[in-house]
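Visitor: A single structure is presented below for examination.
The values are calculated or read from the model by the stated rules, or taken from the named source; none is laboratory data. What you are looking at is a predicted structure, and each value in this text was computed from that prediction instead of being measured. FYI the Cβ positions are ideal-geometry reconstructions off the backbone, even for glycines, and counts take in every protein chain you see.
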Amino acid sequence: MEFVTILRSTQNILRRQKLITSLAICVVALGVIAIVVISRSGKQAQAAPTPVEVEVVQVKQDNVPLYREWVATTDGMVNAEIKSQVTGYLLRQDYKEGTLVRKGQLLFEIDPRPFQAALDQAKGQLAQFEGQFQQAQSQVTQAEAQVAQATSNVSQAQAQLSAAQSNEVKAQLDVNKYAPLAAQKALELLVRGTSRCFAR
């Protein structure tokens, strides 16, 4: 029961709010209508507008060509797609739109300065690398001369080594030859006798 009572009281409140809202809208509408009527009645009657001038032309009978306009795109029988092989700033276009062009014909002129700068830079790098190459060749020639000198020194050292080895073999042979005499102490007398001979 209480729920039903609460529901009815809520419905009554909503009806009252709708009634109040409707009355407020009506009052505002009446106020706007009153303002519009009062503002129109306050203006004085305006003077009648002046007549518009109309030009008159004599009619004559003549044939008139018919013109029609359409929105369209034209397409040629042979179309060529132009693709650039290099990038750059265009200085001028050397052909007119719609004219025939031939293979190899100059179509556009591109600013040559960036390409000339790139060419000059490449030439500079080429000269630099050629200089480095010549320097490397000179170093190779110098190294080959040093290798030849070192080979000559090695050959000379081998010759001196062979001579030293020969002298060693000869000395060993002399030692082997005089060893029996030294064991008998005869060599001392021979050396003393030789020294005496030289001393005289």
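Visitor: State whether the residues of region 185-194 include one that is on the phi > 0 side of the Ramachandran plot and modelled with pLDDT under 85.
Guide: yes
Visitor: From the set of residues in region 100-123 that are modelled with pLDDT of 90 or more and among the polar types (S, T, N, Q), which is farthest from G88 (Cα to Cα)?
Guide: Restricting to residues being modelled with pLDDT of 90 or more and among the polar types (S, T, N, Q), the top hit is Q121.
Visitor: With respect to L14, determine if the residue is of a type in the set (A, V, I, L, M, F, W, C) and modelled with pLDDT under 85. Even if it seems obvious, please write down each step before you answer.
Guide: Working: of a type in the set (A, V, I, L, M, F, W, C): yes; modelled with pLDDT under 85: yes.
For L14, the condition - of a type in the set (A, V, I, L, M, F, W, C) and modelled with pLDDT under 85 - is met.
Visitor: Can you tell me which residue is surrounded by the most Cβ atoms within 10 Å (Cβ to Cβ) among those in region 99-116 that are without any contact (Cβ under 8 Å) to a residue 12 or more places away in the chain and either over 19 Å from S84 (Cβ atoms) or more than 24 Å from the chain's Cα centre (by Cα) (or both)?
Guide: Restricting to residues being without any contact (Cβ under 8 Å) to a residue 12 or more places away in the chain and either over 19 Å from S84 (Cβ atoms) or more than 24 Å from the chain's Cα centre (by Cα) (or both), the top hit is Q105.
Visitor: Out of G76, G98, which single residue is part of a loop (DSSP other than H, G, I, E, B) and on the phi > 0 side of the Ramachandran plot?
Guide: The conditions single out G98.
Visitor: Just the residues that are touching a Leu at 6+ places or on another chain (Cβ under 8 Å) and surrounded by 10 or more Cβ atoms within 10 Å (Cβ to Cβ), please, taken from region 76-98. Walk me through how you get there before you give the answer.
Guide: Our first condition is that a residue be touching a Leu at 6+ places or on another chain (Cβ under 8 Å); within region 76-98, this holds for 82, 93-95.
Result: Q93, D94, Y95.
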